[in-house]
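Everything below concerns the one structure shown next.
FYI, it's all coordinate maths here, none of it is from the lab. Keep in mind it's a predicted model, so treat the numbers as computed, not measured. No Cβ is skipped: glycine too gets one built from the backbone with ideal geometry, and neighbour counts run over all protein chains shown.
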Amino acid sequence: MPALLGDMPTASPNEREVSPAEIFARTRAREEALSRLLVAFVSTGLFFMLFPGTFLGVWNLLQISGRESVASISPSWLQAHGHAQVFGWVGSFILGIGFYSIPKLRDGNKTSFRAAWVCWAMWSVGAATRWAANVYRWHWRTLLPLSAGLELAAFLIFFRAVSGHRTEGSAKGRLDSWIWVVVSASVGLLSVLVTNLAGCIYVSLRGATPAFPHVFDQRFLVLVAWGFLVPFVWGFSAKWMAVFLGLKPLRSDWLLTAVTSNLLGLAFALWGYSFLGSSLFMGGAIFAIAALRMLEPAISEPKTRGIHRSFPFFIRMAYIWLLLAAALGLAANRWDTSGGIWGASRHALTVGFLSVMILCVAQRVLPAFAGMRTLWSTKLMFLTLVLLTLGCSLRVLAEVLAYQDYASWAWKVLPMSALLELSALTLFAINILGTFVLQPTHAIKEPMVARITPPVH
């Protein structure tokens with residue numbers, strides 16, 4: 001007899017009929033447990049985003065602009081800021097949403113729930129330990145590889161939990177193209193974590209400080225950005241954006257071409273052929289935008305119920321930032337003399353593209369995932385996106401002008417850009433936490449009716 005409702009036992013001939021009220025209670029308990037798990041991952045991500053990540057980043061930028069030199073800041077502090085943002089914030093969001101989507105958890109599998117909570121603990125401790133080791137340098141030769149090992153182990157727990165998941169219809173034929181893109185991003189994340197562990201072990205044995213060596217760090221950042229972050233956004237854009245924005249169907253072959261171009265660019269960049277790699281990144285970005293039809297007119301009304309109506313505009317703006325980031329990468333190969341153009345390219349990618357996408361999509365989907373809530377404030381959502389876009393625009397412009405010595409006044413703009421971005425991310429955190437705490441849950445309004453019928457003799 002087919003199993004009903006997860007781990008409920010198969011009925012015996014004498015087993016009573018399960019009442020609708022009992023099924024309702026079990027279903028509600030599972031949804032509440034899933035909601036708590038997701039809220040834990042997201043709340044942890046918000047903490048890393050604000051305190052170890054953005055506040056430290058703002059402090060670093062204030063020091064740089066005051067002294068008009070990036071060399072005045074410890075590389076280990078800069079790397080602590082970046083690690084907190086990528087792993088502590090973005091990584092926590094990805095793992096939380098990934099676990100939330102696993103059928104085993106939705107079916108009430110207790111082993112999978114325990115694994116998810118262990119993953120959360122290991123990932124959070126690993127990210128926090130890395131930040132502390134880089135900033136305070138307390139026993140960093142031990143804590144650095146320990147933190148990297150915890151993060152890698154947490155990801156392997158997550159990978160094992162999701163490895164058996166197949167979407168509807170995937171068993172009957174080929175996987176959807178968006179799944180292949182997410183798979184490539186997952187392989188990229190695994191590569192990042194393994195590389196991070198190797199770098200931490202090397203530095204703990206031979207380094208004078210917790211910071212990765214400059215050349216290694218630059219290539220590591222390329223792997224993080226174009227091997228992990230960008231493909232993840234493309235994959236989930238392919239899954240959701242046609243519906244959210246009312247676009248025409250995805251051009252699947254073009255999306256796979258974009259991923260191929262991106263992977264080739266990553267290989268060339270890591271081998272030291274930076275200009276060729278940047279050219280392929282640009283080509284991949286163009287193909288991805290065309291595949292997603294991101295800049296084409298909508299054919300139906302966007303799904304903006306419960307969020308601000310500017311949602312489609314900022315999603316498209318994020319992809320324009322992606323193009324700008326790739327173009328700045330090409331320009332940096334020709335004209336960068338001080339790291340300013342490279343820095344502007346990374347900022348356009350991580351803040352303009354990635355952070356804007358997260359602020360848009362998170363405020364669109366997290367309220368529904370966390371117990372069918374509604375977003376606390378749509379006006380606050382709009383304000384966060386305006387402030388973040390303005391701050392990123394000022395940062396990218398001022399970083400090129402100041403670092404390249406084109407305009408001395410641009411040094412004074414950098415702190416302003418940092419404070420705008422800090423304000424945006426703080427308001428984003430307030431809006432998400434306000435949604436979790438102040439908005440009522442609307443999950444499971446009606447009991448789900450199912451019966452376990454005794455076998456017929």
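Please state the shape class of region 189-330: rounded when a/c is under 1.5, otherwise prolate if a/b exceeds b/c and oblate if not, all from the C-alpha gyration tensor.
Details: a/c = 2.71, a/b = 2.01, b/c = 1.35.
Prolate, since a/c reaches 1.5 and a/b exceeds b/c.
So what's the gap between the Cα centers of region 335-387 and region 196-254, to the nearest angstrom? The two parts, judged by their Cα centres, are 16 Å apart.
Take every Cα pair under 8 Å in the chain that's 6+ residues apart, average their separations, divide by the length, and report that relative contact order as a whole percent. Working shown, then result.
Values: 667 pairs, mean separation 82.0, N = 457.
That works out to 18 percent.
Cα-Cα over 26 Å: which of Lys248/Lys379; Lys248/Lys303; Lys239/Lys303?
Over 26 Å apart, Cα to Cα: Lys248/Lys379.
For the chain, which longest stretch is free of loop sites, where a loop site is one of the trypsin sites (Lys or Arg not before Pro) that DSSP puts outside H, G, I, E and B and that has at most 12 other Cβ atoms within 10 Å? It works out to 17-165.
The alpha-carbon atoms of the chain define a convex hull whose volume equals 153 cubic angstrom per residue.
Only the Cβ atoms of Lys and Arg (+1) and of Asp and Glu (-1) were treated as charged; on that basis the dipole of region 24-162 about its Cα centre amounts to roughly 480 debye.
Among Met372, Met241, the ranking by other beta carbons within 10 Å of each residue's beta carbon, starting with the fewest, stands as Met372, Met241.
With a cut-off of 11 Å between beta carbons, the residues surrounding Leu250 carry a summed charge of +2, where Lys and Arg count +1 and Asp and Glu -1. In this calculation the C-beta distance from Ser252 to Thr142 is compared with R0 = 60 Å, giving a FRET efficiency of 0.80.
Counting every other Cβ atom within 10 Å of each residue's Cβ, Ser237, Ser338 order from fewest to most as Ser338, Ser237. Kirkwood radius and radius of gyration were both taken over the C-alpha atoms of region 363-406, and their ratio Rg/Rh is 1.31.
If you place +1 on the Cβ of every Lys and Arg, -1 on the Cβ of every Asp and Glu, and leave all else neutral, what size is the dipole of region 139-287 about its Cα centre, to the nearest 20 Debye?
Using only the charged Cβ atoms, the result is roughly 180 debye.
Projected over every direction and averaged, the convex hull enclosing the alpha-carbon atoms of region 271-360 yields 6.7 nm².
Ranked for footprinting exposure by Cβ neighbours inside 10 Å, fewest first, Glu421, Glu296, Glu31 give Glu296, Glu31, Glu421. Estimated from helical segments only, the mean residue ellipticity of the chain at 222 nm is -23000 deg cm²/dmol, where each DSSP H run of four or more residues counts as -39500 (n - 2.57).
What area, in nm² and to one decimal, does the C-alpha convex hull of region 24-162 cast on average over all directions?
Values: hull surface 34.8 nm².
If you wrap the Cα atoms of region 24-162 in a convex hull and average its projections, you get 8.7 nm².
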